[in-house]
Every structure is written in C-alpha cells, then in structure tokens.
Amino acid sequence: MKWRLLFIISMALIFAHGCGGGGSSSSGGETAQLSFVRSVFSDGVTDFSVQVFYETGAEPYVGNIGLTANQTWDITKSSYSALFSTHTGRTITVPSTLAQMTSIGTQNQSSWSSSQLISLGSTYAQTSSATQSKVAVIFVKGLYEGNANILGLHFTGYPFVFVFKDVVTSVGGDPVSQRYVEQGTVVHEVGHAIGLVNLGLPMVTDHEDGSHAHHTTDTDCVMYWAVTSKSNVLNSLADFITGNQLNLFGSKALSDGRAYHP
Ligand SMILES: [Zn+2]
C-alpha cells in the first residue's frame, strides 16, 4: 500500500515537472524553460527577485524563526544568495513581511487542476527583463488534484510556482518546523523554476535521481524529491532544522548554479 502511494505521488510530481500542463499553448514547455533558465543565470542580471502572492487563509509564515535572530524568509534569501554567489553584482530580493507580499483574495478551490493553476499563475507573475529576473511564489488553499501529500508544484516553462498551505499546515510540528517545511517548499519549487537538476541548468557532475526526474540524489539538499512530500518532509529537513541552517542547497546544486554563466 505504501509503495503504491509513493508511486502515485511520484507520477504526479513527474507530470508536473516534466510537462507544461494544459494551459495556454503560447507559453510553457521545454523551450520556454530553457530560455528562462538562460536568462536567469546571465551575468547581465542585476536583481533576482522572488515575488510572493497569497490567498486569504493561506498567508505565508513571516517573522523570527523560534528564538533565533533569523527571519523566516532569510531561508529563501540565503539559499539563493549562496546559489548565485559567483554572479557578482546581483542583488537577491525576497520579501520578509506580509506587507511586502500581495494578497489575491479568496479563490474558493478545494482541488486545483493544472490548467486552473497555470491560469492563476499567468494572471499574477510578472515578466522578467534582461536585468531583472522574477519568479512568483503563489500560496493557495486547497489541494493539487485532490492529493493531500503534495506541498508544492512547478509547471515546466513557467516563471511561477505554488505552495499548498493546507498541506504545509497538515504536516504539523512546532512553529520552527512549520517554517522550515514552508520555506523548504519555496526554495525547492523556485529551484525547479530556474532549472536546477537538469531542468535547464547544466550539472557539473551528474546528481539527478534516476527514479525522480529533476531531483537530486543528494539527501542533504532541498532538491531531494521527498522535500515536497508531506509524509517525508520533516525527516528530509531534520538536519537543517536542528542546525538552524539558512542555506538549504547541497554542494552539488550550488556548484551547478555557480558554474553557469551563459
Ligand atoms: Zn520537486
């Protein structure tokens, strides 16, 4: 039973990451993905900006992480600062308060289809320029195709990703763990959007998991497949949580990001 469940989850993830989905035929897909990834890693980019949108009732966590001085969104900011550390002259812009994020009201979806999500993302994601790369992170209530195990999602070729807040909450754990689950989902899905693990970003050494396309074999990296699976995420992030770690990328993913200057 457990293996059957894992299989279904894996198929859902492969579909989402390997397919442009059923949205507009004028965008998405492999060609758009490769083009976007090249633009993000270009040395002409002076700002990499993560823009956050949230449905009412799916507000992202903000504020301090436990008793530390770390802010919740420092996890995303530190992870991408580490990934782009050789892209000199580039700022990493990440909001840290709800006031710096955008409310999108109530969407009233208990179960989202691919085309509904792509439509929502296309409504809010902004276009990048030669100097400013933008990825939208959209927090929604409800599930992806009724699957209560999927924490986040990216569709190949689109500059936006989704976080399923109800699934984040259902993982449980203390407020520190909850923040790591949510931020881990953000960093993982944005990682897909900008091509990590053979989704447009070349690998310095092959670390793609043969059983989970576009995920790493490195269990100490946020791009490990189990990070966005409800039943596996706390175990996968345990070392980051106990170490108060802010950068969630493993050494192989970091090498890939630092080596690519198209
Ligand atoms: Zn993934």
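Each value in this text was obtained by applying a stated rule to the coordinates, not by laboratory testing. All of these numbers come straight from a predicted model, not from anything done at the bench. In this analysis, Cβ positions are derived from the backbone assuming ideal geometry, glycine residues included, and neighbour counts consider all displayed protein chains.
A straight Cα-to-Cα reach below 13 Å connects residue 141 with the aspartates and glutamates 55, 59, 166, residues fewer than 8 places away in its own chain not being considered.
Taking a sphere under 14 Å around the Cβ of residue 89 and counting the other residues whose Cβ falls inside, with K and R at +1 and D and E at -1, yields a net charge of -1.
Quick one: putting +1 on the C-beta of Lys and Arg, -1 on the C-beta of Asp and Glu, what dipole do you get for segment 121-261 around its Cα centre, in Debye to the nearest 20?
It works out to roughly 400 debye.
For the chain, modelled as a GNM whose springs connect Cα atoms under 10 angstrom apart, the maximal fluctuation among 184, 44, 89 occurs at 89.
Taken along its three principal axes, the alpha carbon spread of segment 41-139 comes to 43, 39, 20 Å, from the longest extent down to the shortest. Each Lys and Arg Cβ is given +1 and each Asp and Glu Cβ -1; about its Cα centre, segment 2-259 then shows a dipole of about 220 debye.
For residue 91 and residue 261 in the same chain, what is the full-extension length gain: residue separation times 0.36 nm, less their Cα-Cα distance, in nm?
Between residue 91 and residue 261, full extension yields an extra 59.6 nm.
Placing pseudo-labels 7 Å out from each Cα toward the beta carbon at residue 111 and residue 145 gives an inter-label distance of 1.1 nm. In a fully extended conformation the segment linking residue 231 and residue 67 would gain 56.4 nm over its present Cα-Cα distance, using 0.36 nm per residue. Projecting the Cα atoms of 138, 172, 214 onto the dipole axis of the chain, where Lys and Arg carry +1 and Asp and Glu carry -1 at the beta carbon, places 138 farthest toward the positive end. Taking the DSSP bridge list for segment 2-259 and keeping only pairs wholly inside it, about 30 percent are antiparallel. Entry note, the chain: relative contact order of 25 percent, from Cα contacts under 8 Å with a spacing of 6+ residues.
Rounded, prolate or oblate: which fits segment 179-262 when a ≥ b ≥ c are the square roots of the eigenvalues of the alpha-carbon gyration tensor, with rounded for a/c under 1.5 and prolate only if a/b beats b/c? The shape class here is prolate. In the chain, a dipole from Cβ-located charges (positive for Lys and Arg, negative for Asp and Glu) runs towards its positive end, and of 58, 245, 94 it is 58 whose Cα lies farthest in that direction.
Taking only the alpha-carbon positions of the chain and ignoring solvent, what does the Debye formula give for the base-10 log of I(q)/I(0) at q = 0.08, 0.11, 0.12 Å⁻¹? Debye output, listed in q order: -0.27, -0.53, -0.64.
Each residue of segment 46-53 was assigned a 3J(HN,Hα) from its phi angle through the Karplus curve 6.51 cos²θ - 1.76 cosθ + 1.60 (θ = phi - 60°); the sequence is 9, 8, 9, 10, 9, 10, 10, 10 Hz, with glycine and proline shown as x. Close amide H partners of residue 93, meaning residues 5 or more places away or on another chain with modelled amide H under 5 Å apart, are 48, 49, 50.
For n ≥ 4 DSSP H runs only, could you compute -39500 (n - 2.57) per run for the chain, divide by its residues and tell me the 222 nm figure to the nearest 500? Before the final figure, lay out the partial values.
Working: 8 runs with 96 residues, N = 262.
Only helices count here, giving -11500 deg cm²/dmol.
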